[in-house]
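Before any comments, here is the structure.
Bear in mind that the values in this text are calculations on the coordinates, not laboratory data. Keep in mind the model is a prediction, meaning the values are calculated, not measured. Cβ coordinates were reconstructed from backbone atoms using ideal geometry, including for glycine residues, and neighbour counts include every protein chain displayed.
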Amino acid sequence: MYGKIFSSMYEGSMIGAGATAFAIMGYAISRQQPPDFNVELNSKLLSAILGEPEDEVIKAIEYLCSPDPNSRSEKNDGRRMIKVGSFTYHMVNGEDYHRLRNYEERKDYNRKKQAEYREKRRLAGAPQSEETPTTQPPKEHPSTRFIKPTLSDLISAGLDDHNAQRFLDHYDSVGWKINRNPMKDWKAAARNWMSRSKEWSGNGNGAVPSKPSREMTDAEILREACQ
């Protein structure tokens, strides 16, 4: 058994009550039993436990059962205990003490469970050996992930139906790469495609050259589409 003792008990209306009264009050708080919040106080036993004369123990119990007009609690005229049997005393504010204790227990329980949960999550992502790096590779941000354009996207960007389909077919065939570099900005590539479309159409059959002129494609498309 245990109870919760507040420092305010030693600074309130019990000031000057004597060490025995404080000792018995603490003993009673720790041993009160719900739901009645009663406690057994035997003056002979308490005398032996506290090392105080029995008459001092009896006086202290009588003090704790007396009205206290200066008490913070207005229950039962400020009494701290009420005698209900030969050795049985009811703790007037016992339920309040118990409620506070349970609240603190729940807080402590929740803190422990939260710590256990965080530790489980940490271990779940921990390396299997000391040689494995503890840091995880950064996740790719959705805004930087390349999304392949649709035919309607390309038409909306300014390509006609014919060139839009040629654009899709060409970059599908090369894995959406420009000179072996992953494409990052298809709109830039589409702009260059449009600017070069007349040059490519001069091939006779309008086919995309397998290796475009190095005048702009390698530099310009790579610079604009992959930046």
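Calculate the spin-label point distance for residue 155 paired with residue 113, positioning each point 7 Å from the Cα along the beta-carbon direction, and give it in nanometres.
Roughly 5.7 nm, to one decimal.
Return 193, 186, 176 ranked ascending by Cβ neighbour count within 10 Å, so the fewest neighbours appear first.
By the 10 Å Cβ count, ascending: 176, 186, 193.
Greater than 23 Å separation of Cα atoms is the criterion. Which listed pairs, 59/83; 44/83; 44/75, meet it?
In this structure, 44/75 exceed 23 Å between Cα atoms.
Given 69, 43, 57, which one lies farthest toward the positive end of the charge dipole of the stretch 33-77, if we put +1 on the Cβ of every Lys and Arg and -1 on the Cβ of every Asp and Glu?
The one lying farthest along the dipole's positive direction is 69.
With an 8 Å Cα cut-off and a minimum separation of 6 or more residues, compute the relative contact order for the stretch 7-98 in percent.
32 percent
Could you give the size of the charge dipole of the stretch 141-198 about its Cα centre, using +1 on the Cβ of each K and R and -1 on the Cβ of each D and E, expressed in debye and rounded to the nearest 20?
The dipole of the stretch 141-198 has a size of about 320 debye.
Give me the net charge for the shell around residue 87: Cβ to Cβ below 13 angstrom, other residues only, Lys and Arg +1, Asp and Glu -1. Write down the numbers at each step before the final one.
Values: positive: 31, 44, 83; negative: 40.
With Lys, Arg at +1 and Asp, Glu at -1, the neighbours total +2.
Within a Cβ distance under 9 Å of residue 65, other residues only, what is the Lys/Arg minus Asp/Glu net charge?
On the way: positive: 79, 80, 83; negative: 62.
Result for the local shell: +2.
Using a ≥ b ≥ c from the Cα gyration tensor of the stretch 8-76 (square roots of the eigenvalues), is it rounded, prolate or oblate, where a/c under 1.5 gives rounded and otherwise the larger of a/b and b/c decides, a/b for prolate?
oblate
Please arrange 147, 29, 49 by how many other C-beta atoms lie within 10 Å of their C-beta, fewest to most.
Numbers: 147 8, 29 24, 49 13.
Ascending Cβ contact count within 10 Å gives the list 147, 49, 29.
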